[in-house]
Amino acid sequence: MIEAEKAVIGCLLMDPEARDEALLSPEMFTDAFLGKLYYELSKVEGAVDTVLLRAKISADEYPDYVFNQVLNDCALSVSTSVEIEQYAKIVRDEWKKREALKIVERCENVDDMIERLQAIGTDAPKGHTAGDLVDMFAHKRFTPQNDVGFDTGWGNLDAILNGIFKQDVCLIAARPSVGKTAIGIELMFHLAMNDVRSVFFSLEMSESEIYNRLAAHESGISQSRIQRSLSFNGMEPNYFDMGNRSLKVLNERMVFFEKLYTVPEMRRAAKGFDVAIIDYAQLIKPTGSYRGNRYAEVGDISHSLKRMAKELDIAVVLLAQLNRVSEATKTKEPNMSEIRESGDFEQDASQIILLWDLEEDGKTKGVKIAKNRHGEKGRTRLTFDGAVNKFFGDITDNPFV
């Protein structure tokens, strides 16, 4: 029993967001100190700071040597937070047994005893009947509404995809240099033009590099000239100024962060936005030690991103790399299995989009919707102007407007 309680605390030390999988309360712990730790850890936002945690626990009641020893025991009891739900179930079941014994010992009235025993054994959530669902959602269909997906801005893609949705993860994967970052930034522009606020987490590029891409996109001046040229040519000063003014207008609808590498860090920064775009999956750092178990690391990251989407009520667009398998085929068309370190990404994502070059010059991109819980699977194509980082599709071919 005590080992399960320590395992729960160990999981929360790695990932405080895992509390949503535990669904416990402090009184369910047999060890009072572990109950206090659970209470404090359940309020943590972001990574755990043991100094702040120490300040919240009475030093008179639990001196430093006790505090440090218990935290060390808990941390060493698990290697991943993925199984917290199973550990929490053990703690909850044992608590129910203790409560049941108390009820049996103290209740003289049989009917009262049965009612109380049934109460502690019932923790399943109430479902909704088919009729409930009709009342909840029927009036929202075939009418302008705010809870449909956000259009990407490429009509031929939206006709298949149906847009991207809050509380979901949409994964976009491609080989290096195919245009993952460019399509993520282009998506931000489309969203911003429709008053959708998005945040971009750049785990690879600096903010200076991001600015070069933004300025090229809005000015029409090639990214290489913006980055390397020492003076303007012809009308470039006017184009450059117009591009910068356009970016200023979009302003807080497009926000960028660099050097935030963990899901808890991104979670804190993404509050209040509609869409979070992460570039890219394989660079996200785990919040705990997995002793070399990369599969467990990736699984935990994937589950945390899914929780982040649901709890913040945002759409998460996760960019990812593909391996080289499809490059050896005639068509070079990739499959979901080629997502590097895919782990649970395939399972947790509601939509998966794969990009590849249809031609050697890289100007035409194949787009494959390999998974789609909100519409159909299918294929389309986009054209790409790499000089100014723009993707073009048929913006009129959308039957859902």
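The values are calculated or read from the model by the stated rules, or taken from the named source; none is laboratory data. Source: prediction; values computed, not measured. In this analysis, Cβ positions are derived from the backbone assuming ideal geometry, glycine residues included, and neighbour counts consider all displayed protein chains. In case anyone asks, the SASA skips ligands and DNA or RNA and just uses the protein heavy atoms, side chains included. Shrake-Rupley method; radii C 1.70, N 1.55, O 1.52, S 1.80 Å.
Remarks
- Comparing 352, 95, 75 along the charge dipole axis of the chain, the residue lying farthest to the positive side is 352, per the Cβ-charge model.
- Largest mean-square fluctuation among 169, 317, 367, in a Gaussian network model of the chain whose springs join Cα atoms under 10 Å apart, belongs to 367.
- The orientation-averaged projection of the convex hull spanning the C-alpha atoms of segment 126-277 amounts to 12.7 square nanometres.
- Helix-only [θ]222 nm of the chain, DSSP H runs n ≥ 4, -39500 (n - 2.57) each, per residue, nearest 500: -13000 deg cm²/dmol
- Here the Debye sum runs over all C-alpha atoms of the chain as equal scatterers in vacuum, and log10 of I(q)/I(0) at q = 0.11 Å⁻¹ comes out as -0.91.
- Each distinct pair of alpha carbons in segment 30-88 adds a 1/r term; the inverse of their mean, the Kirkwood radius, is 12.5 Å.
- Alpha-carbon centroids, segment 1-78 and segment 156-201: separation in whole Å: 38 Å
- Taken about its Cα centre, the chain carries a charge dipole of about 1000 debye when Lys and Arg each add +1 at the Cβ and Asp and Glu each add -1 at the Cβ.
- Of the residues 82, 298, 249, 44, ranked by 1.4 Å probe accessible area with the largest first, the sequence reads 249, 82, 44, 298.
- Note on segment 156-289: with charges restricted to the Cβ of Lys and Arg (+1) and Asp and Glu (-1), its dipole about the Cα centre is near 260 debye.
- Here the convex hull built on the C-alpha positions of segment 1-69 has a volume of 84 cubic angstrom per residue.
- For the chain, accessible area per residue (1.4 Å probe, heavy atoms of protein chains only), Å²: 52 Å²
- Both the radius of gyration and Dmax for segment 195-301 are 17.6, 58 Å, in that order, over alpha-carbon atoms.
- Among 39, 87, 65, the largest mean-square fluctuation in a Gaussian network model of the chain, built with springs joining Cα atoms closer than 10 Å, belongs to 65.
- Beta bridges per DSSP with both ends in the chain, % antiparallel, nearest 5: 40 percent
- Build a GNM of the chain with springs between Cα atoms under 10 Å apart, and of 131, 375, 272 the one that fluctuates most is 131.
- Accessible surface of residue 24 - all protein chains present, 1.4 Å probe, nearest 10 Å²: 20 Å²
- Solvent accessible area, Å² - residue 331, 1.4 Å probe, full protein context: 90 Å²
- Pairs from the list 96/285; 271/365; 43/96 with a Cα-Cα gap above 28 Å: 96/285; 271/365.
- Taken over segment 331-388, the ratio of Cα radius of gyration to 2.2 N^0.38 Å equals 1.23.
- Rounded percent of accessible protein surface that carbon and sulfur make up, the chain, 1.4 Å probe: 52 percent
- Which listed pairs, of 56/89; 180/368; 248/390; 306/332, have C-alpha distances above 24 Å, in listed order: 56/89; 306/332
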